[in-house]
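Below you'll find the structure, written out as structure tokens, and then a few comments.
Values quoted throughout were computed directly from the atomic coordinates according to the rules given, and no laboratory measurement underlies them. It should be emphasised that the depicted structure is a prediction, and the values quoted were computed from it without experimental measurement. Positions of Cβ are backbone-derived with ideal geometry, glycine not excepted, and every protein chain shown enters the neighbour counts.
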């Protein structure tokens, strides 16, 4: 395996004969080998792999190693002894591979060929193993067997019977049966739907015939309408073609006139560019001088503006200096005024502070008085409200008690105890009647069950007798076939050897074979390699003192002469003594096969006994053939008895099923009547209890009503409480008024002191600001005086500039007059040329307009012709679309003869629309109704045939399921007996005594029965498995697991730490048992253990280490080889 869980690298585990152990510390990945074995055997549950999903079995990576995307495990099986299922017995080795790629799922391969998971699972199931077989005992499996229900333990016997694969095939057959029955139901529904569809299609076919009639009339009317439009369109096209020819001639003449006008205009236009260039040059010179003069004007204006602005700025500076001087005086006066105001405010604050303190004292006294009066008012109001609440509560309570008294009296009046008593009596009578019916049905059911048990026993006995007869007949026939094969193979001649004709008695076969040897294989009469000739006469007699060999041989006259001189003695010493007295032709033989002839030849026994063996085989064959004839008669008799027993058993089962149904119905009726009687009794009891409860409740309510009236009478007077509350309210209002006046006086004084304090602070801030202004005013005045001096200097400079500008303006004026004259002359010449060009262009425009008009006329004529052609093409397409013919064939479809006049287009169009409306009134029509009706009829016939096939297939599937169930029951019962015997023996061996047995629970159907385990360890009574101690449970579970192995040995058994709950002595017995099973079967054990004694008893060990965190590594030690090396070293 590679990439599976913690095995990042490839690892190979060879599970050889005997015991193979796997050891290693906890968490190193030992159990991953077991899970890998289950995974390659077809395990499909990720939970069984201790994973959240199947992709989790792929190596997930560590801090040093990246994760892998592929995991692969290959299991190689030795099939040289051909123990695999028949379809795989053509190869010496089976290789099962399972691969999984992350995100893509698993794939299976059998000998490198793709396979299904189902194929792999069935392969292992047929060999008594698999991913979930009892042969793989994982951690917790022992506890699972102990805690399992009896029905769940049945899988152990199923594996022993090797019917797990049978179960899978039965389940598959049942699925197919359900699918076939579902398909049959669906097929019946489909056939019914098709019949309805066929009837509907028959109606649609009649409607389609009417539709076709109307369609034919529409086709003829449309043909007439389209023919009329075609003829009108051809006339319009001819007129448009004539108008187009006239327009083309007019366009040609006007094109020549336009060409002459264009040539004249081109010649005039060619003389304009030089004149325009000269005029532009003169105009540019004039413009440059004009711009220079304008620039001087703008410069003069700028100087004037600058002088004006400078004079304004100087005036502004003078005003600013005066303003700053005035502000300086204001600041000085403000500082003095604010100082006086601050001093006055300090006096006001000193006078008002004592008054504010006194007002606060008055306010606190008024607040205390008001608080006391408010508390008195709240207490009086609360007392008044409490009295009103109590009065209302008592009144409500009194009303509630009175209502409850009325309700109780009404409920007591509604109770009908007499009716409840009658109903309870009636339901009790019905219960007794249904109980009697149920007991009768139960007795009938018990009788039917006993009858079924007897029928089962009889059927089982008959089946066992038949099976024994079949087994005996099979053994006889097999021995007959083997003897016939051997006798045919031993014959070397073409004809039957003479040995087949002999009847030899008293064990003289060896003596005869010792005398004749290979001559016994020669035929009588003729042969290619030699033969015995009949008719020879005997001329000799046996030697004296011997028994004639011919007396023991019959059935072959051809040997009379040869056997006449042969005698038989008991021992070799007698033969030795008589040999020298033999006459020519005489011989002596012993029963052991030795031979002494007259000529001195001696042959000792066992050198050639083929003839004797053939004679014995022939005699055995004759006896077997007689026995086979008798066994055949017995087999026929037992088969007839078994068939009769099976019929009786089926009838008994049906009768039992009927009795069970009747018993269930009777039990259900009894249960219903019993529940009804119990319900009615409960209702009667509840009614009586309710009446007593209501009477008790009425007494209690009367007492409560009297108490309530006493409490209402004891309540205080509301008038006194109201007067006290009014007095408290008046005192509270007076104290509130005094408090408001005190608060107003205190607030007024507080406002006066606060205002004065704030104004005092403001005066101090304003005095500080005015002092800052005073300090900054002197600096600003000095700055303004400096700026006034700089402005006077700039004014003097600007006053000298206008004189310089006047001189430059006179010089530019002279040059501007000359440039103006030159520009005017060039402009006149250009204007004259442009006038001529405008006249030429006017003539050209007129000629172009006339040409354009002519061309438009031509274009309209062409468009008209194209429209006519398009109309004809459209009509042609429409004719082809509607009528599927050429325009020349429309008249034939329309039924119009040559020269026959057509009606107007409007009349023809109205006729078409009328017929179309008639067709539309028919509604939706299925034009394929007739063809579809035929198809549906064909499908109905086909599906009825399929239904017949399905019914036959369902019958076959039911027969196959019955056969599988019958075979499974037979094999299960046989295996149960074998497993029980092995279990008893193994239990005694593991416990050193005691008794145990297995029992089938609910054994009406062995395939549904449970398996109960009863054990009695030494010194204890027989009890259930769950009542034993932990170690005893483990040993008992191991005993039944190994009993299954001995019944149907699996090729491999995996034990994952099953010795953990055992002590040393039990581990020793466990290891001895493993060794015995290895010697008795071909099962190979793979044991994962931590126990040192188990490790010591293994044939080889594989160690799992984890040198890198999260990565398992496999190492191996062959203990047997190690022991041999040690013994050799010691020797």
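State whether the stretch 856-996 is rounded, prolate or oblate according to the following rule on the C-alpha gyration tensor (a ≥ b ≥ c being the square roots of its eigenvalues): a/c under 1.5 gives rounded; otherwise a/b larger than b/c gives prolate, and the remaining case gives oblate. Walk me through the numbers on the way to the answer.
Values: a/c = 7.13, a/b = 3.90, b/c = 1.83.
Because a/c hits 1.5 or more and a/b exceeds b/c, the stretch 856-996 counts as prolate.
Work out how much length residue 288 to residue 903 would gain on full extension: take 0.36 nm times their residue separation and subtract the Cα-Cα distance, in nm to one decimal.
Extra length available between residue 288 and residue 903 comes to 212.6 nm.
How far, in degrees from 0 to 90, does helix 150-160 lean away from the longest principal axis of the Cα atoms of the chain, to the nearest 10?
That works out to roughly 60 degrees.
Any number yet on Rg/Rh for the stretch 1-42, C-alpha, Kirkwood? Walk me through the numbers before you get to the answer.
Working: Rg = 10.8 Å, Rh = 11.4 Å.
With Rh from the inverse mean 1/r over Cα pairs, Rg/Rh is 0.95.
Which FRET efficiency value, to the nearest 0.05, do you get for residue 1079 and residue 92 by plugging their Cβ-Cβ distance into 1/(1 + (r/R0)^6) with R0 = 22 Å? Mind dumping the intermediate values first?
Values: r = 25 Å, r/R0 = 1.15.
Once the sixth-power term is evaluated, E becomes 0.30.
Quick check: from the Cα gyration tensor, does the stretch 630-696 come out rounded (a/c under 1.5), prolate or oblate?
Details: a/c = 16.69, a/b = 8.60, b/c = 1.94.
Cα axes put the stretch 630-696 in the prolate bin.
Taking every pair of distinct Cα atoms and averaging 1/r, then inverting, what Kirkwood hydrodynamic radius in Å comes out for the stretch 1046-1121? Mind dumping the intermediate values first?
On the way: mean 1/r = 0.0723 Å⁻¹.
When all Cα pairs of the stretch 1046-1121 are included, the Kirkwood radius is 13.8 Å.
Would you kindly state how much longer the chain becomes between residue 302 and residue 319 on full extension, computed as 0.36 nm times their sequence separation minus their alpha carbon distance, in nm to one decimal? Show your work: numbers first, answer last.
Values: separation 17, 0.36 × 17 = 6.12 nm, distance 2.54 nm.
Gain on extension, residue 302 to residue 319, equals 3.6 nm.
Can you figure out the FRET efficiency of residue 435 with residue 997, using R₀ = 30 Å and their beta-carbon distance, to the nearest 0.05? Mind showing how you got there, number by number?
On the way: r = 39 Å, r/R0 = 1.30.
According to the calculation, E is roughly 0.15.
Identify the residues of the stretch 830-865 with backbone N under 18 Å of a label point that sits 7 angstrom from the Cα of residue 255 along the Cα-to-Cβ direction, or state none.
The answer is 847-863.
For n ≥ 4 DSSP H runs only, could you compute -39500 (n - 2.57) per run for the chain, divide by its residues and tell me the 222 nm figure to the nearest 500?
Values: 19 runs with 788 residues, N = 1131.
Per the formula, -26000 deg cm²/dmol.
So what's the angle, to the nearest 10 degrees on a 0 to 90 scale, between helix 1119-1130 and the longest Cα principal axis of the chain?
The two axes meet at around 60 degrees.
Using a 7 Å offset from the Cα along the Cα-to-Cβ direction at both residue 351 and residue 81, what is the distance between the two label points in nm, to one decimal?
Placing both labels 7 Å along Cα→Cβ, they lie 13.6 nm apart.
Between residue 702 and residue 67, what is the spin-label point distance in nm, taking each point 7 Å from the Cα along the Cα→C-beta axis?
8.5 nm
Given labels modelled 7 Å from the Cα in the Cβ direction, how far is it in nm from residue 572 to residue 475?
Going by the 7 Å Cα→Cβ label model, 3.8 nm.
Using 0.36 nm times the number of residues separating residue 603 and residue 1027, minus their current alpha carbon distance, what extension gain do you get?
Working: separation 424, 0.36 × 424 = 152.64 nm, distance 7.50 nm.
In short, 145.1 nm is gained.
Taking other Cβ within 10 Å of each residue's Cβ, how do 1020, 984 sort, fewest first? Before the final figure, lay out the partial values.
Numbers: 1020 14, 984 17.
By the 10 Å Cβ count, ascending, the order reads 1020, 984.
Apply the a/c threshold of 1.5 to the C-alpha gyration tensor of the stretch 761-917 and tell me whether it is rounded, prolate or oblate.
Values: a/c = 9.76, a/b = 2.17, b/c = 4.49.
It comes out oblate by the Cα gyration axes.
In whole Å, what are the Cα extents of the chain along the three principal axes, biggest one first?
Between the extreme Cα coordinates on each principal axis of the chain lie 197, 134, 96 Å.
Return a whole-number percent for the relative contact order of the chain, with Cα pairs under 8 Å and 6 or more residues apart as the contact set. Let's see the in-between values first.
Details: 1352 pairs, mean separation 311.3, N = 1131.
Relative contact order, the chain: 28 percent.
With 10 angstrom as the radius, rank 544, 236 by how many other C-beta atoms surround their C-beta, starting from the fewest.
Values: 544 10, 236 15.
Exposure proxy ranking, most exposed first: 544, 236.
Take the alpha-carbon centre of the stretch 1069-1093, take the same for the stretch 343-381, and report the distance between them in whole Å.
When both Cα centres are located, 108 Å separates them.
Ranked by Cβ crowding within 10 angstrom, fewest neighbours first, how are 1053, 885 ordered? Could you put the intermediate results ahead of the total?
Numbers: 1053 26, 885 13.
With the sparsest Cβ surroundings first, the list reads 885, 1053.
With both bridge residues required to lie in the chain, what share of the DSSP beta bridges run antiparallel, to the nearest 5%? Write out the running numbers ahead of the final one.
On the way: 47 of 67 bridges.
Taking every DSSP beta bridge with both residues in the chain, the antiparallel ones total about 70 percent.
Using alpha-carbon positions, what is the distance between the centroids of the stretch 921-961 and the stretch 773-814, in Å?
120 Å
Give or take rounding to whole Å, what are the principal axis extents of the alpha carbon atoms in the stretch 347-411, in descending order?
Taking max minus min along each principal axis of the Cα atoms, the stretch 347-411 gives 93, 15, 7 Å.
Going by alpha carbons, how many degrees (0 to 90, nearest 10) lie between the helix axis of 801-882 and the longest principal axis of the chain?
40 degrees
Just to verify a number: FRET efficiency for residue 399 and residue 364, C-beta to C-beta distance, R0 = 56 Å, to 0.05? Provide the component values of the computation, followed by the final result.
Details: r = 52 Å, r/R0 = 0.93.
Efficiency computed from Cβ-Cβ geometry: 0.60.
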